[in-house]
C-alpha cells in the first residue's frame, strides 16, 4: 500500500519526491534511527512530499504499540531538526508528519485543483491530503451538509472560505444555488459582492444580520410546507463568534437552520477563530463537518476539534487544516486562491434584494430585545409598529415613543436599534 492509498480512492495529484540523498530521505533515516534507539520495530519511508511538510509512513512490527511512537513526537521532531512533529494513525501504519524548513515551504496553488471535475455539483475539492489525494466535501451528504471553518489569525480560514465559495459558485448556476452572506467584519466577503448567486446584498450591521437570519428561518418553514428543496440555499457567516456577541438571538436561528436545513436544501458555512461551544452555542452539535486550522495552544485543541489526539496546535497555518467528519480526521492543504480565480466569477450589475420580504427593523428589534412579558411590554399591532417606525424616521426619541404605551427601557432600545 502506498501513502496515497491511505485516505481515499481518488487518483493522487502528481508529487515531486526528492531523489536519493535528498533532505527528505535523510530525515527518514533520522526518524528510523530514533525509533530503533527506542527499540521500536518499524520501517520508515517517505510517503508524501507536500507543499509545507513531509509525511513519512511508519509500518510497525507485529505487536508494537502505536502509542509509543505518538509519545515520541517531541523526540522525532528534534531528530528531524523541525519545530514540531505530528503522528497520525491509519490502517496498518502511522504517518509521521514533519514540517519542511521555512525556506522550502510553498503554497498550494489553486490551479492544481481548479481543473478537476467534481463528482457532483455540490462536491467541493477542499485540498490535497498528506497522502497526495484530493479531499472532497459534499454539501448534499448528511455527514458534511454544514461546515465550520476554525483557526487563529494566519491559519488561512478566510482563504479556505473563499476557495470553497469560488468552487461552489463556479459549479452551480444562480438557478440551482443561491447565497446569503453575513459579514460582521465588513470586508471579507468583498470578492463575492457582485455575484448573481446572492439573494440579498452582503450585510454587516447587527440588526440587518438578524433580519436576514429571521427571513432564512421563515424560508425553512415555507419550504417545509411546500415540500421544496430547490434551489439550494447556502448561508455564509464570517466570524460567527462576533455575530453571537452582537446578536445573541442569532444562536437560536443558526441552531434551527443546522438542525433541519439539510432536508430542505439549506446549508451553513461559517468561520470562527475558536470553533467551540462559546462560538457556536446550541448549533455546535449540528455542524457535522469541521475544517480546523492552527489553534493557539494544546489546551484548546479538544474544544476546537471535538475529539482527542488531533494535535491541531501543531498545524503550520497558511492553509494547513484538519478536515473532521463523523468517521474521519484528514490533514489537508487548502489551495491559495488569488485574483485569477476571482476574475472568473460570474458578476451582475444589480444584486437581488429581499428588502420587501425582510421583517421591519422596528418589528424585529422589538421582538428580539423584548421577548418577555410584563409592565410596559404589551403586544403591539401592525398599525402601531408602522406608526413607531414613522416616528423614528422623523427623529423621535424615547420620550416620544412612550406615547405609544411602552416603557422607557423598551423605547430606548428601539431608538438604539434604529440608529444602528
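The values are calculated or read from the model by the stated rules, or taken from the named source; none is laboratory data. Predicted model only: the values in this text are computed from it and were never measured. Here Cβ is always computed from backbone atoms with ideal geometry, including for glycine, and neighbour counts include all displayed protein chains.
Matching residues to (1) in contact with a helix residue (DSSP H, G or I) (Cβ under 9 Å, 6 or more places away or on another chain); (2) surrounded by fewer than 20 Cβ atoms within 10 Å (Cβ to Cβ); (3) free of Cβ contacts under 8 Å to residues at least 40 places away in the same chain:
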{"site": "202", "(1), (2), (3)": "yes, no, yes"}
{"site": "211", "(1), (2), (3)": "yes, no, no"}
{"site": "214", "(1), (2), (3)": "yes, yes, no"}
{"site": "221", "(1), (2), (3)": "no, yes, yes"}
{"site": "224", "(1), (2), (3)": "yes, yes, no"}
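Of all the listed residues (63, 67, 74), the sole one being free of Cβ contacts under 8 Å to residues at least 12 places away in the same chain and assigned to a loop (DSSP other than H, G, I, E, B) is 63. Any residue that is assigned to a loop (DSSP other than H, G, I, E, B), within 20 Å of residue 330 (Cα to Cα), modelled with pLDDT under 90 and in the same structural domain as residue 334 (by TED's automatic domain parsing) - is there at least one of those in the stretch 84-106? Scanning the stretch 84-106, I find no residue that is assigned to a loop (DSSP other than H, G, I, E, B), within 20 Å of residue 330 (Cα to Cα), modelled with pLDDT under 90 and in the same structural domain as residue 334 (by TED's automatic domain parsing), so the answer is no.
Report the residue count in the stretch 165-189 for those that are touching a residue at least 12 places away in the same chain (Cβ under 8 Å) and out of contact with any helix residue (DSSP H, G or I) (no Cβ under 9 Å at 6 or more places or on another chain).
Let us first name the residues in the stretch 165-189 that are touching a residue at least 12 places away in the same chain (Cβ under 8 Å), namely 165-172, 174-186, 188-189.
Checking the rest, the ones that are also out of contact with any helix residue (DSSP H, G or I) (no Cβ under 9 Å at 6 or more places or on another chain) come to 168, 171-172, 174-176, 178, 186.
Within the stretch 165-189, residues that are touching a residue at least 12 places away in the same chain (Cβ under 8 Å) and out of contact with any helix residue (DSSP H, G or I) (no Cβ under 9 Å at 6 or more places or on another chain) number 8.
So is residue 187 modelled with pLDDT under 95 and part of a loop (DSSP other than H, G, I, E, B) or not? So residue 187 passes the test. Out of 135, 58, one residue alone is in a strand (DSSP E or B), crowded, with 22+ Cβ neighbours inside 10 Å and under 22 Å from the mean Cα position of the chain (by Cα). It is 135. Pairing residues of the stretch 234-260 that are at positive phi with residues that are surrounded by fewer than 24 Cβ atoms within 10 Å (Cβ to Cβ) and at pLDDT below 85, at Cβ distances under 6 Å and at least 6 apart in sequence or on separate chains, gives 239/184; 239/185. Hey, residue 73 hits all of (1) more than 26 Å from residue 269 (Cα to Cα); (2) under 25 Å from the mean Cα position of the chain (by Cα) but one; which does it fall short on? Result: residue 73 fails condition (2) only.
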